[in-house]
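A.B. asks: Encoded as structure tokens, here's the structure I'll be asking about.
The values are calculated or read from the model by the stated rules, or taken from the named source; none is laboratory data. Predicted model only: the values in this text are computed from it and were never measured. Neighbour counts are summed over all protein chains in view; Cβ atoms, including those assigned to glycine, are modelled from backbone coordinates with ideal geometry. Heads up: the accessible areas ignore ligands, DNA and RNA and are worked out on the full protein's heavy atoms, side chains in. Shrake-Rupley method; radii C 1.70, N 1.55, O 1.52, S 1.80 Å.
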Amino acid sequence: YDGTTPRVAISSISKDDFAKKRWSAWSMPQAISDPGIPNKDACIIPEKFDDGYVFLHRVENAVCADILPDLDFSKRKINRCIEILSPRKGMWDSKKVGIAAPPIKTKAGWLLFYHGISESMTYRVGAALLDLEHPIIVKARTATPIFEPQEDYELKGVMPRVVFPCGIVRRGDTIYMYYGAADSTVCLATGKLSRILASLSAS
């Protein structure tokens, strides 16, 4: 962030260095999105597809994708917006949407958690199911949020009425969602993967 335009950057570390907690081994972050376009909330889907790697990112108010043949960012930049999810007028995600964490691979498809912002500037969480082989195709999307601010520490803070996930861990049928509450507290919520997938199958 240069004070005007947020951009996507990438950094990496070897598995060995990570396991041994050699945090100084992280590479210097490298900006990989256009300098003139606001861009946030990005991830690489952790699998190579027929066309290459799918990179999810947010341009303005929508979740977009770009497809890259490899991950050599000395030669590649994120410069396309294949729209995946956009705000829905009159709904809980009517103002902005952005991914919450890299999607989770399931038999039904790639399960993507995302945050949505309403006109009242309340941040909630929903889910979408992306096609297993072609994850730029959205198979289903929750009509209502699956998580929203309710507790006092989520409703009041630096940025009130905000739950903002940044990491998802799956252990069996349990999803552990790490999220920021009101930009003031880091929290953990849990849910059942089977229930979330069932709600998408029924939508």
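A.B. asks: Using only the Cα atoms of region 1-64, each taken as one equal point scatterer with no solvent, compute I(q) by the Debye sum, divide by I(0), and report log10 of the ratio at q = 0.21 Å⁻¹.
C.D. replies: Taken in order of the listed q values, log10 I(q)/I(0) reads -0.95.
A.B. asks: Now, a different point. Could you tell me which Cys residues in the chain have no other cysteine's Cβ under 4.7 Å from their own Cβ, answering none if every one has a partner?
C.D. replies: Taking the Cβ cut-off of 4.7 Å, the unpaired cysteines of the chain are 43, 166, 187.
A.B. asks: By per-residue mean of other Cβ atoms within 10 Å, what is the highest-first order of 114-121, 68-75, 168-175?
C.D. replies: Put in order of decreasing packing, that is 114-121, 168-175, 68-75.
A.B. asks: While we're on this one: Given 0.36 nm per residue, what is the gain on full extension from residue 72 to residue 195 after removing their alpha carbon distance, in nm?
C.D. replies: Stretched fully, the residue 72-residue 195 segment lengthens by 40.5 nm.
A.B. asks: Any aspartates and glutamates with Cα under 13 Å of the residue 89 Cα? List them, leaving off those in the same chain fewer than 8 positions away.
C.D. replies: By straight Cα distance, residue 89 reaches 119.
A.B. asks: Moving to a separate point now. Along the charge dipole of the chain, which of 100, 67, 38 sits closest to the positive end, that is, farthest toward it, with unit charges on the beta carbon of Lys, Arg, Asp and Glu (+1, +1, -1, -1)?
C.D. replies: 100
A.B. asks: With θ set to phi - 60° and the Karplus curve 6.51 cos²θ - 1.76 cosθ + 1.60, what are the ³J(HN,Hα) couplings of region 166-176 in order, to the nearest whole Hz, using x for Gly and Pro?
C.D. replies: 10, x, 10, 10, 10, 10, x, 9, 9, 9, 9
A.B. asks: What does the accessible area per residue of the chain come to in Å², with a 1.4 Å probe and no ligands, DNA or RNA counted?
C.D. replies: 55 Å²
A.B. asks: Could I ask something else about it? Just reorder 177, 28, 159 by solvent-accessible area, largest first, 1.4 Å probe, all chains present.
C.D. replies: 28, 159, 177
A.B. asks: Further question: Please give the solvent-accessible surface of residue 40 in Å², to the nearest 10, using a probe radius of 1.4 Å with every protein chain present.
C.D. replies: Here the residue's solvent-accessible area equals roughly 90 Å².
A.B. asks: Determine the dipole magnitude for the chain: charges of +1 sit on the beta-carbon of Lys and Arg, -1 on that of Asp and Glu, nothing else is charged, the reference point is the Cα centre, and the result goes in debye to the nearest 20.
C.D. replies: Result for the chain is approximately 280 debye, rounded to the nearest 20.
A.B. asks: Okay, next question. Based solely on C-alpha atoms, express the radius of gyration and the Dmax of the chain in angstrom.
C.D. replies: For the chain, the Cα-based Rg and Dmax read 17.0, 49 Å.
A.B. asks: Below 8 Å between Cα atoms, with a sequence gap of 6+, how large is the relative contact order for the chain in percent?
C.D. replies: Taking the mean separation of contacting Cα pairs over the length of the chain, I get 12 percent.
A.B. asks: Using a Cα-Cα cut-off of under 17 Å, which lysines could be cross-linked to residue 139, ignoring same-chain neighbours fewer than 8 residues away?
C.D. replies: Within the straight-line limit of under 17 Å, residue 139 reaches these lysines: 105, 107.
A.B. asks: Subtracting the Cα-Cα distance from 0.36 nm times the residue separation, let me have the gained length for residue 151 to residue 30 in nm, one decimal.
C.D. replies: Difference between extended and current length: 39.8 nm.
A.B. asks: Under 18 Å Cα to Cα from residue 95, which lysines show up? Leave out anything in the same chain fewer than 8 places away.
C.D. replies: 40
A.B. asks: If you count only protein heavy atoms and use a 1.4 Å probe, how large is the accessible surface of residue 56, to the nearest 10 Å²?
C.D. replies: Using a 1.4 Å probe on the heavy atoms, I get roughly 0 Å².
A.B. asks: Hey, what D do you get for region 1-112 in µm²/s if you plug the Kirkwood alpha-carbon radius into Stokes-Einstein at 4 °C and 1.567 mPa s?
C.D. replies: D, rounded to a whole number, is 83 µm²/s.
A.B. asks: What shape does region 107-156 have by the C-alpha gyration tensor, where a ≥ b ≥ c are the square roots of the eigenvalues, rounded means a/c under 1.5, and otherwise prolate means a/b greater than b/c and oblate the rest?
C.D. replies: prolate
A.B. asks: Pairs of alpha-carbon atoms within less than 8 angstrom and 6+ residues apart define the contacts here; what relative contact order does region 103-163 have, in percent?
C.D. replies: 27 percent
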